[in-house]
Structures are given as structure tokens and as C-alpha cells.
Amino acid sequence: MIADAHDHSPAAAPRADPARELPRAQPWQRMAAGGGLLDPSGALRSTVFEEMTALATRTGSVNLGQGFPDFAPPQPMVDAAVAALHTGHHQYAPIIGVPALRQAVAKHQRDHYGLHLDPDSQIAVSAGATEGMTAALLSVLHPGDEVVMFEPRYDLYGAAVEFTGATPVPVPLLPPTFTPDPDDVRAAFSPRTRAVILNDPHNPTGTVASREFKELLVELATEFDAVIVTDEVYEHLRFAGPHEPIASLPGAVERTLSVSSAGKTFSATGWRVGWVSGPPELMRGVIAVKSYLSHSAAAPLQHAVAHALSFPPAFYDALLQDYRERRDVLVAGLREAGLTPPVPEGTFFAVADVSDHYALAGVDNATDLGRHWAENAGLVGIPVSAFAGPANRGLYADWLRLAFCKRTDVLRGAMAGLAAAV
Ligand SMILES: Cc1ncc(COP(=O)(O)O)c(C=O)c1O
């Protein structure tokens, strides 16, 4: 059981972005700073994501910076959405989500992971994983709490944590394997730790959390009475063996809020249908918060996702097979270009240490090499350093992230451009 009474003494010295230290920073500025959107003067700055997207558009490059599929979702799910529109479902859905989807999520968790959830008290539908993660974090964090999170990381975590006035405590995932040093993990926990955020499989590195890493997190979360907030949007994009949710580990389920989404599994990132599951006492808070964020996700699409979650195992096998092919085209292309990327174990992202290309391009970091590739090789990636705060950014200075959620002909074209340029 999670105690709600935590030590609310003043926060430790800020360890994240210098913009957090702005005098009288507004809540939105704390949020923007936590997501890396603020410059030290407190003004919004354009991000490397925007810069690279603009560069891809200007140069006509293949944009492997953006993490969304360029192919259609499964037709039966689209048909189910059309049918749902024709049969009503135009008014508010219940705050916690339509029963059909909550029941489908419960069945999915049972069939895939052996997790038994009550669809009425342990599952809530959200507007994408984004709202689910945000509601989970806002529901448990007090100003002054500490939140252990691993870098590089998805920008949302820092943004939501900073908004609450809690302090992120970043732990680096160490290249080239992107595993954390267990001593760093232990040292990050303290009596102020209120939550730890896991993302497994992991964006941006394409790694999956080992059993030992997850066990250590459960052990430390239990010792310090912290909530585990786990982002598993890539649960069905795991190439080696089945996904093992941290909630399924002994001692985890009573303190874990698990978040997932239809966006990645069903190639429909624009549908904005996700879900959170966890113990009823934690879910009550998540539901209260989310009722004042989106209220409820789009009703007809919830019905269509409920249908999609009942797809047979063959759907998931085919999904993985297609992604494995895309991954292999990207990795082979990078190897032909003289790089040695680790083979992604999950997600639709690959990372590569690109320092061997610096001399040829006349640059000395991955960010500038990314710009050079856009101008000269016809493809765009995102520097991994963009996913880390100042303390750890330097660790990733040589790494670029490339998305392979694109058609194989598009990936082949991008790799041919790279080969020609080098
Ligand atoms: C790790 C991670 N979490 C959450 C999200 C957002 O998920 P959704 O689109 O369902 O809000 C993304 C999207 O890229 C992601 O990569």
C-alpha cells in the first residue's frame, strides 16, 4: 500500500535545467523548462525537433526524426471507428472510458501478462499516453518531492514533474548499452522520493529494461515507499521475447501505475486513445485529475480501439515481423555507411554513435552531423542529447536517434542517400 504522507520539506537543490532557477518562474515556465522548451532567460525556444523537421521540409530529406508511422492503421480498426460513428457514440464517454474498452484492456492485460484488473476500479481510458502519464504524475506529486527518472528520456516526464514543483532526479543510462549503473540508481532514491518513472521499451534508445533493473526499481520503490509510473507505449514492439511489465514483478502491482496507448501498437498516433491501470487507491487520483484534463477521450474511437485490442495473436506477430524488417533495413543501411548501431531490442527507434562520420563532414558532434546529413545525405535524425538535461547531455553528444516507423521503401531510399553521401 502506498502511504500518502511524504516528507514535504524544501526541495533539494535543483538538478535539472537552469531555466528552473528563474526567479518567480510561472507554472507554465517550469513545465516548459522541464520539457526543454525554455531558454535561460525564460523565453520559449524552438527545439531541435522543430529545427530538424523544418530542415527536412526545406531540404526534402526523409524525416526519420519523427516518431509516427507513415502507413495506415489496421483496416478492421478503421472500419470499427466508422461503424461506431454510424451507430451513435457522439456524446461524452464516461470519464473512466467506455466499458467495452476498459473490459478489452483488462482482457489484454490478463491474456498477455497474467495481470488481473477490475475494469471498473483499476483501469481508466485517457487521451493518449500523454494524458495518462500527466494525470498519473499530477495525482501523486507534491512540491518538494523527488522523482527518479532515467536519461535520455521522453520530454513529457520532466515537463509534468516540474509543473508540480517536484524535482527530477536524473539517472543516466550509460552508452553504448544504455543500462544504468545500479549504484547510481540506489543513490538517486531518498526519503523524498515520491515516484520513479520507467519507460520500457525505451524511447529514444530502443533498449528494454532487464529483469534485474526492474527488480532493483521495485526493491527501491518499496524501501522508499515510492510510486512506480511506467510508460509502456511500445509494449508490442519488443523484438526479443515477450514484454514483461514491471507491474507483473512480485511486490510491484500495489504501487505501480502503468500507462499505454493505442497510438504505437495500432499505428494511429492521432487517435489519442490511451489508458492507465493500477491499484484502486492510486487510480482514484488519476481519474480525478484526468476528469479536469480531457474529461474523456473520443467516444467512437474508444469503441474502435476496444475492437482492435481483441485482434488475435497473428496481428501482433505480423506487426512485429513488419517492424523487424524495417529495423533491419535501417540497421543494415547504417552499417553499410560504416556505423555500428546497437540492434534495437524494442520500440521503433535506433540510435547510433556517429562520431566516425565527423571528419568526413567537418563537424564534431551529432547535432551538427544531423544538420549535415539533412543538407547532404537526404535524411534527418534527432541528437540523443536533446533527450537529456544539462547534467547528462554530454554523455550522448555522439549519438543520433533515427525512427524506423516508416515504409521499407522510404527507409531504403534514406539509406541509399546516406550510402551515396559517404
Ligand atoms: C515514450 C513515449 N511515451 C508516450 C508517448 C506519447 O504517447 P501518446 O501519443 O499515446 O500520447 C510517446 C510518443 O512518442 C513516447 O515515445
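The values are calculated or read from the model by the stated rules, or taken from the named source; none is laboratory data. All figures in this text were calculated on a predicted structure; none of them were measured in a lab. Using ideal geometry, Cβ is built from the backbone for each residue, glycine included, and neighbour counts are taken over all protein chains shown. For accessibility, only protein heavy atoms count, side chains too; no ligands or nucleic acids. Shrake-Rupley method; radii C 1.70, N 1.55, O 1.52, S 1.80 Å.
Taking just the alpha carbons, could you work out the radius of gyration and Dmax for the stretch 271-422, both in angstroms?
20.1, 57
Which entries of LYS214/LYS264; LYS264/LYS290; LYS214/LYS290 show an alpha-carbon separation above 25 angstrom in the structure shown?
LYS214/LYS290
Could you give the length gained by full extension between ASP70 and HIS90, i.e. 0.36 nm per residue of separation minus their alpha carbon distance, to one decimal place?
The span from ASP70 to HIS90 would gain 4.4 nm if fully extended.
Using a Debye calculation, one point per C-alpha and no hydration shell, please list log10 I(q)/I(0) for the chain at q = 0.07, 0.09 Å⁻¹ in order.
So the normalised log intensities are -0.32, -0.55.
Between GLN26 and PHE49, take the C-beta separation as r, use R0 = 30 Å, and let me know the FRET efficiency to the nearest 0.05.
0.85
Averaged over every viewing direction, what's the projected area of the C-alpha convex hull for the stretch 81-310? Give it in nm², one decimal, please.
Taking the Cα atoms of the stretch 81-310, their convex hull projects to 11.6 nm² on average.
What is the percent carbon and sulfur in the accessible area of the chain, measuring with a 1.4 Å probe over the protein chains and ignoring ligands?
For the chain, the apolar C and S fraction of the accessible surface comes to 56 percent.
Which residue fluctuates the most in the chain, going by a Gaussian network model with Cα springs under 10 Å, if the choices are ALA32, ALA318, ALA366?
ALA318
Which whole-Hz couplings ³J(HN,Hα) result when phi for each residue of the stretch 289-301 is put into the Karplus expression 6.51 cos²θ - 1.76 cosθ + 1.60, θ = phi - 60°, listed in order with x for Gly and Pro?
Using θ = phi - 60°, the values come out as 5, 5, 5, 9, 9, 8, 6, 8, 7, 3, 4, x, 6 Hz.
Take the Cβ-Cβ distance between ARG335 and GLU215 as r, set R0 to 35 Å, and report the resulting FRET efficiency rounded to the nearest 0.05.
Here the calculated transfer efficiency is 0.55.
Quick one: net charge of PHE311's neighbours, Cβ under 15 Å, K/R +1, D/E -1?
Summing Lys and Arg as +1 and Asp and Glu as -1 gives -3.
For the chain, what is the relative contact order in percent, using Cα pairs closer than 8 Å and at least 6 residues apart in sequence?
23
Using the heavy atoms of the protein chains and a 1.4 angstrom probe, tell me the accessible area per residue for the stretch 81-310 in square angstrom.
Dividing the accessible area of the stretch 81-310 by its residue count gives 33 Å².
Per residue of the stretch 142-158, what does 6.51 cos²θ - 1.76 cosθ + 1.60 with θ = phi - 60° give for ³J(HN,Hα)? Whole Hz please, x for Gly and Pro, Karplus curve as stated.
Per residue, the Karplus-derived 3J(HN,Hα) values read 9, x, x, 5, 10, 10, 7, 9, 9, 10, x, 8, 5, 5, 3, 4, x Hz.
For SER261, which sequence-distant residues (separation of 5 or more, or a different chain) have an amide H within less than 5 Å of its own amide H, given hydrogens modelled in the peptide plane?
TRP275
Pull out the extension gain between ALA419 and LEU293, defined as 0.36 nm times the separation in residues minus the alpha carbon to alpha carbon distance; nm, one decimal.
Working it through step by step, the gained length comes to 40.7 nm.
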